[in-house]
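A.B. asks: My questions will all concern the structure given below.
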């Protein structure tokens, strides 16, 4: 059936206008101009942490604005193409316009998900921790596969990342890893990944070629900001230093520069070993601790109000996704039912479909609960 181009273009135009009303491109342009002026200051890099935050925020806003404006340009262009093709009876150009409409519809629906991120901390950068759970060496290997998956996802979107700490397992893979994703709304987007992930495959570590089920946990926290006022008295901390280690227990450097901080009142333990100096590792570990304390305060506050967790009930430990490599190939979200038969693509960072469906599911869940 021939595409009704005027109706399709009108529908997409309305959808894009509703997105623009939320994102507010003009306000974004004003903020970008202010940040560009700040970046141009000769003394910006005197404070490297602040400089990185400013440049990261600028890059994120520029990318966000470009996504909206490019969709508007494409929508205008396909309208002109369809009009000319219909006037001239150009079947080839009509087919091209039809394909572009389908691509635009997919892109606009994906961007529309961003307007659903309205939580208190959703606009923030994300602090992600991955831990191997049940399954021995297969679980450690699975945790390293998830680490690569998220880093590849960030790379695909041109989001900067910083790995704070990796604890390597003895035989293969990792025991745990903590990293940040520096992009606007990284927390709101990735928070739907929190929970337990399950892998089913023929174990490459089993000489009898048996099928193995292993588990890894993903925790996602908002990165703290100066306005959060997370005060940590020095007396509440126990700070230990140790030698950084890499795969197989090898020393990364010859100095005791890695730092482990224990928050005595809560028992929360964080560590960082990927920076060059003990001072840098301590500062990074404190940032991780502040995010954990911020999240604990949020949970305590919501518990007092007898409210659901902000992640729609998907708490740490809740099994939320299965990755099956044998006897068939499928990755399936257990909450949304979203699935794909291309696990290789998923492990290479193609997880936007899972993120979009998770955000929509959470919003629907929140609305239903509130009602």
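The values are calculated or read from the model by the stated rules, or taken from the named source; none is laboratory data. Treat the numbers as computed from the prediction; the structure is a model and nothing was measured. Cβ placement follows ideal geometry from the backbone for every residue including glycine, while neighbour counts extend to all protein chains displayed.
A.B. asks: Do you know which of the residues in region 187-201 that are modelled with pLDDT of 95 or more and assigned to a strand (DSSP E or B) is surrounded by the most Cβ atoms within 10 Å (Cβ to Cβ)?
C.D. replies: The selected residue is 199.
A.B. asks: Could you list, ordered by first residue, the pairs with Cβ atoms under 6 Å in which the first is in region 133-156 and in a loop (DSSP other than H, G, I, E, B) and the second is crowded, with 16+ Cβ neighbours inside 10 Å, at least 6 apart or interchain?
C.D. replies: 133/139; 133/215; 133/216; 133/217; 134/215; 135/214; 135/215
A.B. asks: Going residue by residue through region 291-311, is there one that turns out to be at pLDDT below 90, in contact with a helix residue (DSSP H, G or I) (Cβ under 7 Å, 6 or more places away or on another chain) and closer than 27 Å to residue 169 by Cα?
C.D. replies: Taking every residue of region 291-311 in turn, none turns out to be at pLDDT below 90, in contact with a helix residue (DSSP H, G or I) (Cβ under 7 Å, 6 or more places away or on another chain) and closer than 27 Å to residue 169 by Cα.
A.B. asks: Starting from residues that are within 19 Å of residue 271 (Cβ to Cβ) and either in contact with a helix residue (DSSP H, G or I) (Cβ under 7 Å, 6 or more places away or on another chain) or not assigned by TED's automatic domain parsing to the domain that holds residue 187 (or both), keep the ones in region 145-166 and report whichever is surrounded by the fewest Cβ atoms within 10 Å (Cβ to Cβ).
C.D. replies: Filtering first and then ranking leaves 161.
A.B. asks: Still on this structure, I have one more. Would region 18-33 turn up any residue that is out of contact with any helix residue (DSSP H, G or I) (no Cβ under 7 Å at 6 or more places or on another chain), outside the structural domain of residue 157 (by TED's automatic domain parsing), under 30 Å from residue 284 (Cα atoms) and at pLDDT 90 or above?
C.D. replies: Checking region 18-33: at least one residue is out of contact with any helix residue (DSSP H, G or I) (no Cβ under 7 Å at 6 or more places or on another chain), outside the structural domain of residue 157 (by TED's automatic domain parsing), under 30 Å from residue 284 (Cα atoms) and at pLDDT 90 or above.
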